[in-house]
Amino acid sequence: MEFNKLENSIGYVFKNKELLKKALTHTSYAYENKVESNEKLEFLGDSILEFISSKYIYNNYKKLKEGEMTKVRADVVCEKSLHKIASKHNFSDFLYLGKSQKSNEKNVRPAILADSVEAVIAAIYFDSGLEQAERFIVENLKEAIELASSNVGMKDYKTVLQEKLQIHGPVNIKYNIIKEFGPDHDKNFVAEVLCNGKILAEGTGKTKKMAEMEAARKALLNM
């Protein structure tokens, strides 16, 4: 299998191509062909990923408390996030899968793709050291970390607002997205929060969820 396209995509060229091949070898293929799978690389890659992401969050988000840093890391070091990285770089085109796996699945399972990202991280580490592995991790996770860190401090505003508004009984709380602006790669949203049809506040954010959270925060300030 030619790895040039994958290496160009991830921005790293392996000196030892066998390391990359092993990182992309699923247990189903390894079992059928009596070769080593990527499981051990995945084990190490998981630890490297957690360490580097923790280091990046610690160094770049100094205002976050320990619990908030833990939440941000949990949001980005997860199967969903790693699956996005694998999809971005088309890992599925390069995976070594056994016949049993190919026949049972129409598409590669997200868990398999996520595991392969961790294995590739470890392979980069063995091929060139921690600095290159760190570069790959930071380049692929920094946007997700930025988004998670923006959300972490606002997670309770909607809940707090609901509790305060319902203190004397049930009310109808509703959020609407009333405006979108900016280019597709840098979209902003404006949300309003209403209670029994009355507008309480508006908020702006990079996602619809963030806009709603900001609207709830402003509504609390106005109370």
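The values are calculated or read from the model by the stated rules, or taken from the named source; none is laboratory data. Keep in mind it's a predicted model, so treat the numbers as computed, not measured. FYI the Cβ positions are ideal-geometry reconstructions off the backbone, even for glycines, and counts take in every protein chain you see.
If residue 64 meets every condition in (1) surrounded by 13 or more Cβ atoms within 10 Å (Cβ to Cβ); (2) in a helix (DSSP H, G or I) apart from one, which number is that one?
(2)
Considering region 27-49 alone, what residues qualify as being under 25 Å from residue 139 (Cβ atoms) and touching a strand residue (DSSP E or B) at 6+ places or on another chain (Cβ under 7 Å)?
Result: 38, single match.
Conditions (1) touching a residue at least 12 places away in the same chain (Cβ under 8 Å); (2) in a strand (DSSP E or B), marked per residue:
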| site | (1), (2) |
| --- | --- |
| 178 | yes, yes |
| 199 | no, yes |
| 217 | yes, no |
| 220 | yes, no |
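Taking region 2-31 as the search range and keeping residues that are assigned to a loop (DSSP other than H, G, I, E, B) and aliphatic (A, V, I, L, M), which one is nearest to residue 132 (Cα to Cα)?
Looking at residues that are assigned to a loop (DSSP other than H, G, I, E, B) and aliphatic (A, V, I, L, M), I get 13.
So which residues in region 101-151 are within 19 Å of residue 21 (Cα to Cα), of a type in the set (Ser, Thr, Tyr) and either touching a helix residue (DSSP H, G or I) at 6+ places or on another chain (Cβ under 7 Å) or not assigned by TED's automatic domain parsing to the domain that holds residue 13 (or both)?
Scanning region 101-151 gives 116, 125.
Looking only at region 67-83, which residues are assigned to a loop (DSSP other than H, G, I, E, B) and either surrounded by fewer than 17 Cβ atoms within 10 Å (Cβ to Cβ) or at positive phi (or both)? Before the answer, list the steps.
So in region 67-83, the residues assigned to a loop (DSSP other than H, G, I, E, B) come out as 77-78.
Residue satisfying the conditions is 78 alone.
In this structure, does residue 86 turn out to be within 16 Å of the chain's Cα centre (by Cα), of a type in the set (A, V, I, L, M), surrounded by fewer than 17 Cβ atoms within 10 Å (Cβ to Cβ) and in a helix (DSSP H, G or I)? Spell out how you get there, then give the answer.
Details: within 16 Å of the chain's Cα centre (by Cα): yes; of a type in the set (A, V, I, L, M): yes; surrounded by fewer than 17 Cβ atoms within 10 Å (Cβ to Cβ): no; in a helix (DSSP H, G or I): yes.
Here the answer is no, as residue 86 does not meet what is asked.
Among the residues of region 163-171, are any among the charged types (D, E, K, R) and either more than 22 Å from residue 45 (Cα to Cα) or touching a strand residue (DSSP E or B) at 6+ places or on another chain (Cβ under 6 Å) (or both)?
yes
Just checking, which of 168, 185 is closer than 25 Å to residue 92 by Cβ, in the same structural domain as residue 214 (by TED's automatic domain parsing), free of Cβ contacts under 8 Å to residues at least 60 places away in the same chain and of a type outside the set (A, V, I, L, M)?
185
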